[in-house]
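Written below as structure tokens is the structure these notes are about.
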Amino acid sequence: MAGILTVHSPEGEYRLVIERGVARRVSGFSAHPRVAVTTNTTIAPLHAQTILDALPTGRLVTMPDGEQYKTLATVEALYHDYVRTGLDRHGAVLALGGGVVGDTAGFAAATYYRGVDLIQMPTSLLAMVDSSVGGKVGVDLAEGKNLVGAFKQPAVVLIDPDFLVTLPEVEWRCGMAEIIKAGLIGDAAILDPSLWSPTRAEDVIRRAVQVKVGIVEADPFEKGVRAHLNLGHTFAHALETVTEYQWRHGEAVGLGLIAAAHLSAVMGLCDAALPEQVGAWVRQVGLPTRLGDVSADALWDAMATDKKWRAGRSRFVLIHGPQHVTVVEDVPRSAVIEALDKVR
Ligand SMILES: NC(=O)c1ccc[n+]([C@@H]2O[C@H](COP(=O)([O-])OP(=O)(O)OC[C@H]3O[C@@H](n4cnc5c(N)ncnc54)[C@H](O)[C@@H]3O)[C@@H](O)[C@H]2O)c1
Ligand SMILES: [Zn+2]
């Protein structure tokens with residue numbers, strides 16, 4: 001089932017195409033004289049040739065693989081490669097990869113020549129349903145993740161589920177955490193586990209993307225409802241920080257969703273069945289559902305540095321029930337520790 005969405009953003013509309021094989025039809029979406037096909041050294045040997053064969057104006061530019069390369073140093077290296085490949089302001093950057101490539105190449109596209117067109121071509125499940133949609137691009141600093149960035153709406157987003165054939169299973173599971181999140185925020189149909197097999201990827205991706213599009217259209221600059229996309233993420237970011245990224249983002253999000261549901265129950269927003277149900281979904285996709293020996297105090301301290309906490313006041317996205325999410329401030333530390341104890 002093909003899906004074409006038109007996304008409305010403050011800078012105009014763009015198309016988002018979800019269709020098997022759309023990567024091979026990329027030339028239909030680009031009239032640029034030069035396209036810098038930007039990917040990493042893992043994805044290049046797997047998928048770059050498909051794009052280069054389909055796009056005569058394309059030239060390959062690679063960056064190393066890994067979150068630790070989502071930096072300004074990599075962005076600078078990309079700029080030099082873009083100059084070398086003859087990219088000028090009429091050209092485009094095509095980001096072929098997971099969220100790391102999308103965010104890094106996207107930030108380069110937002111700034112090179114004061115901004116060139118950006119074609120997002122996500123290859124990981126997470127990038128397909130989350131990072132390629134919504135216009136946020138950026139890089140990490142040593143002091144923290146995503147501290148430097150921009151809003152850069154893509155010219156087009158091309159989502160080809162065929163890329164997922166080579167995606168490592170652990171990355172599939174991580175993407176599923178964001179899909180469960182999308183279901184909890186905005187689409188009950190996503191929460192039907194019979195949809196969660198790679199063979200039905202297209203359908204579940206389309207639904208999850210629709211949830212994200214609906215939210216970013218309503219709140220393109222993250223002033224209100226976009227915060228709902230952070231369901232589970234206050235816990236997740238703390239877990240990533242405290243474990244020095246031994247927990248992958250999607251693994252941390254899965255646990256974070258369960259913890260957020262427990263916290264909602266502790267705060268009296270939902271009944272105790274909800275955290276059990278969320279835990280069952282997370283377990284079903286094969287993600288961890290227990291914290292193990294990670295210290296609750298250390299997690300709280302890490303949360304307190306969250307960019308979204310204003311003037312030291314705690315701020316959590318909590319949940320009354322599926323598709324009924326809310327932002328709560330001044331959640332007491334004791335409630336958070338109690339919720340964490342339930343996922344111990
Ligand atoms: N901009 C946003 O709105 C937004 C939203 C969510 C996450 N993010 C960012 O996204 C990043 C995480 O993205 P991710 O989970 O895609 O991680 P990633 O980009 O590191 O990709 C995960 C791994 O899978 C590999 N890979 C990707 N596609 C593949 C394929 N088809 N075949 C084989 N290997 C493949 C990558 O090389 C990498 O090793 C983080 O930096 C996060 O901050 C951004
Ligand atoms: Zn996330």
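The values are calculated or read from the model by the stated rules, or taken from the named source; none is laboratory data. Bear in mind that the values here come from a model prediction, so they are computed numbers and not experimental data. Note that we place each Cβ from the backbone using ideal geometry, even for glycine, and neighbour counts take in every protein chain shown. Heavy atoms of the whole protein, side chains included, go into the accessibility calculation; ligands, DNA and RNA do not. Shrake-Rupley method; radii C 1.70, N 1.55, O 1.52, S 1.80 Å.
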What is the one condition in (1) within 12 Å of ligand 1 (Cβ to nearest atom); (2) among the aliphatic types (A, V, I, L, M); (3) open to solvent by less than 10 Å² (accessible area, probe 1.4 Å) that Ala150 does not satisfy? (3)
Segment 233-248, residues that are in contact with a strand residue (DSSP E or B) (Cβ under 9 Å, 6 or more places away or on another chain) and within 12 Å of ligand 1 (Cβ to nearest atom): His233, His237, Glu240
For segment 268-286, indicate whether the set of residues that are more than 13 Å from ligand 1 (Cβ to nearest atom), open to solvent by less than 20 Å² (accessible area, probe 1.4 Å), farther than 19 Å from Gly186 by Cα and not in a loop (DSSP other than H, G, I, E, B) is non-empty. no
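Return yes or no: is Leu125 away from ligand 2 (no atom under 16 Å from the Cβ) and out of contact with any strand residue (DSSP E or B) (no Cβ under 7 Å at 6 or more places or on another chain)?
On the way: away from ligand 2 (no atom under 16 Å from the Cβ): no; out of contact with any strand residue (DSSP E or B) (no Cβ under 7 Å at 6 or more places or on another chain): yes.
So Leu125 fails the test.
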Kindly provide the set of residues from segment 154-204 that are over 22 Å from Ser264 (Cβ atoms), open to solvent by less than 10 Å² (accessible area, probe 1.4 Å) and of a type in the set (Asp, Glu), ordered by number. Asp160
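Sort out which residues of segment 287-314 are basic (Lys, Arg) and modelled with pLDDT under 95, and write them in order of number.
Filtering segment 287-314 down to residues basic (Lys, Arg) leaves 290, 307-308, 310, 313.
Listed by number, the residues that qualify are Lys307, Lys308, Arg310, Arg313.
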Confirm whether Glu244 is within 16 Å of ligand 2 (Cβ to nearest atom), at pLDDT below 95 and surrounded by fewer than 18 Cβ atoms within 10 Å (Cβ to Cβ). no
By residue number, the members of segment 313-329 that are in contact with a strand residue (DSSP E or B) (Cβ under 7 Å, 6 or more places away or on another chain), open to solvent by 60 Å² or more (accessible area, probe 1.4 Å) and under 20 Å from Gly279 (Cα atoms) are His320
For Asp65, only one of the following conditions fails: (1) open to solvent by less than 60 Å² (accessible area, probe 1.4 Å); (2) within 9 Å of ligand 1 (Cβ to nearest atom). What is its number? (1)
Got at least one residue in segment 121-132 being within 12 Å of ligand 1 (Cβ to nearest atom) and farther than 19 Å from Ala177 by Cα? yes
Could you figure out which of (1) more than 16 Å from ligand 2 (Cβ to nearest atom); (2) surrounded by 20 or more Cβ atoms within 10 Å (Cβ to Cβ) isn't true of Asp130? (1)
